[in-house]
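The values are calculated or read from the model by the stated rules, or taken from the named source; none is laboratory data. Since this is a predicted model, take the numbers as computed values, not measurements. As a convention, Cβ positions derive from the backbone with ideal geometry for all residues, glycine included, and neighbour counts pool all protein chains shown.
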Amino acid sequence: MEDVQGVITTRSGRVNTTLKSISSHTGYACTIRVTSNRAFPGFSMTGRMMYQGRDVHDLLDPTVLAAIKSQIYPSKNIVSFGDSTTEGAGTGVTGQTIAVQLQALYAAVGDMRTVTPFGVSGQKCASINARQGSAPAVVSLPAGSNGIPEIPASGAVNVTTTADPMANINTSGTRWMAGRLAGVSTVLIKDLATGQYSVQRSTAASAVGVDAAVPFLPDTEAYRFCTYLCWIGTNDILSSTPAQILAYIDQHVGHQATQQKRRVIVMPIINCLSAQLSTILTNYAALLTLVKAKYPADECVDTLSLLQRHRNGSSDDMADIAAGLPPRSLLSTDRYHPGVPGYGVIAAEVKRLLDVKGY
């Protein structure tokens with residue numbers, strides 16, 4: 001190899017350099033030199049970058065290298081914050097939710113990744129995203145003894161909150177979420193009978209003065225490094241515009257913390273027995289157009305078209321398809337939520353899309 005003259009531009013200016021071949025016994029195939037002194041790394045015969053006679057990869061501590069990779073590439077483990085479809089509502093679905101079936105599909109081929117669902121039936125996008133952390137609920141605390149809002153030293157204090165992150169939890173007692181307010185480890189509590197929210201420090205300490213309104217950051221940070229299964233919007237299809245639902249989807253998937261994005265966006269399901277079915281179908285079609293324009297086709301699942309393709313050929317299914325609806329053979333008896341086979345079809349499609357990209 002002949003020496004190659006060139007110029008490298010650095011922050012301090014342009015530097016004349018020579019790309020020079022050297023004896024392979026040094027470990028280098030070539031190196032970049034500035035005049036007579038080596039100033040930049042070289043390259044080995046296998047194309048690996050070398051520095052001071054050592055492979056750069058060998059200079060990195062494995063723990064440090066793993067930490068760097070975790071910031072770039074999402075974990076193969078899948079997380080899904082959602083509504084009843086994530087929770088697995090539907091006739092006879094207990095134990096056969098989309099998360100259960102998706103994880104089973106991976107286990108069947110020896111892939112032991114986890115699929116973690118956080119579904120709450122009936123929740124709208126704002127509440128889901130508040131629980132997930134992409135659009136935190138904003139909490140307003142009462143004034144303390146000094147006349148400004150504060151997180152008390154101990155005990156619970158009633159608060160008001162936006163987004164209602166624990167909406168539609170229709171049981172008695174209380175429900176709580178761990179998180180942080182103004183950097184303080186706290187628990188957000190909801191009295192399910194009255195709907196009243198309160199806040200309590202995780203550990204008693206001195207009272208802390210805060211702003212009038214403070215975002216509650218749920219303890220979900222670790223899930224930002226997982227692969228995302230985003231299935232939201234079913235409960236917003238009549239109350240929000242397609243553009244608004246798309247904005248919620250953008251919020252949701254935009255919360256992924258890694259440089260590379262690994263996600264699958266699943267379209268809402270259709271309530272076939274709704275008195276406003278025609279509006280649902282119109283809004284679904286408009287939302288699908290927006291999602292397809294914003295995200296690659298291999299990141300999106302058109303649930304209506306997918307379920308229609310998997311009809312069983314019965315007269316009922318064919319009548320449903322002629323009406324522009326999902327086939328009832330894949331739905332629960334409520335003609336709304338998928339049944340076990342329907343969740344299975346969607347789970348298989350999610351896996352297929354991730355497989356295509358090698359995820």
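Considered as a group, the residues in the range 119-158 that are hydroxyl-bearing (Ser, Thr, Tyr) and not in a helix (DSSP H, G or I) include one that is modelled with the lowest pLDDT, and that residue is 145.
For residue 251, state whether it is touching a residue at least 60 places away in the same chain (Cβ under 8 Å), touching a helix residue (DSSP H, G or I) at 6+ places or on another chain (Cβ under 8 Å), under 28 Å from residue 72 (Cα atoms) and in a helix (DSSP H, G or I). The answer is yes for residue 251.
Taking the listed residues 104, 99, the one that is modelled with pLDDT of 95 or more, surrounded by 15 or more Cβ atoms within 10 Å (Cβ to Cβ), assigned by TED's automatic domain parsing to the domain that holds residue 229 and not charged (D, E, K, R) is 99, with no other qualifying. The helices (runs of 4 or more DSSP H) located wholly in the range 277-339 that include 1 or more residues which are touching a strand residue (DSSP E or B) at 6+ places or on another chain (Cβ under 8 Å) and within 30 Å of residue 355 (Cβ to Cβ) occupy 277-294, 303-309.
Of the residues in the range 211-259, how many are touching a strand residue (DSSP E or B) at 6+ places or on another chain (Cβ under 8 Å) and among the aromatic types (Phe, Trp, Tyr)? Selection size over the range 211-259: 4.
Pick out the one residue from 116, 86, 94 that is assigned by TED's automatic domain parsing to the domain that holds residue 351, within 16 Å of the chain's Cα centre (by Cα) and not in a helix (DSSP H, G or I).
Just one listed residue meets the conditions, 116.
Screening the range 107-129 for residues that are among the small types (Gly, Ala, Ser) and in contact (Cβ under 8 Å) with a residue 60 or more places away in the chain and picking the one that is nearest to residue 252 (Cα to Cα) gives 126.
Would you check if there is a residue in the range 213-228 being closer than 30 Å to residue 279 by Cβ, surrounded by 14 or more Cβ atoms within 10 Å (Cβ to Cβ) and modelled with pLDDT of 95 or more? Yes, the range 213-228 contains a residue that is closer than 30 Å to residue 279 by Cβ, surrounded by 14 or more Cβ atoms within 10 Å (Cβ to Cβ) and modelled with pLDDT of 95 or more.
To keep it simple, each residue is scored yes or no on (1) surrounded by 20 or more Cβ atoms within 10 Å (Cβ to Cβ); (2) out of contact with any helix residue (DSSP H, G or I) (no Cβ under 8 Å at 6 or more places or on another chain); (3) over 18 Å from residue 229 (Cβ atoms).
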{"residue": "79", "(1), (2), (3)": "yes, no, no"}
{"residue": "117", "(1), (2), (3)": "yes, no, no"}
{"residue": "132", "(1), (2), (3)": "yes, no, no"}
{"residue": "136", "(1), (2), (3)": "yes, no, yes"}
{"residue": "143", "(1), (2), (3)": "no, yes, yes"}
{"residue": "160", "(1), (2), (3)": "no, yes, yes"}
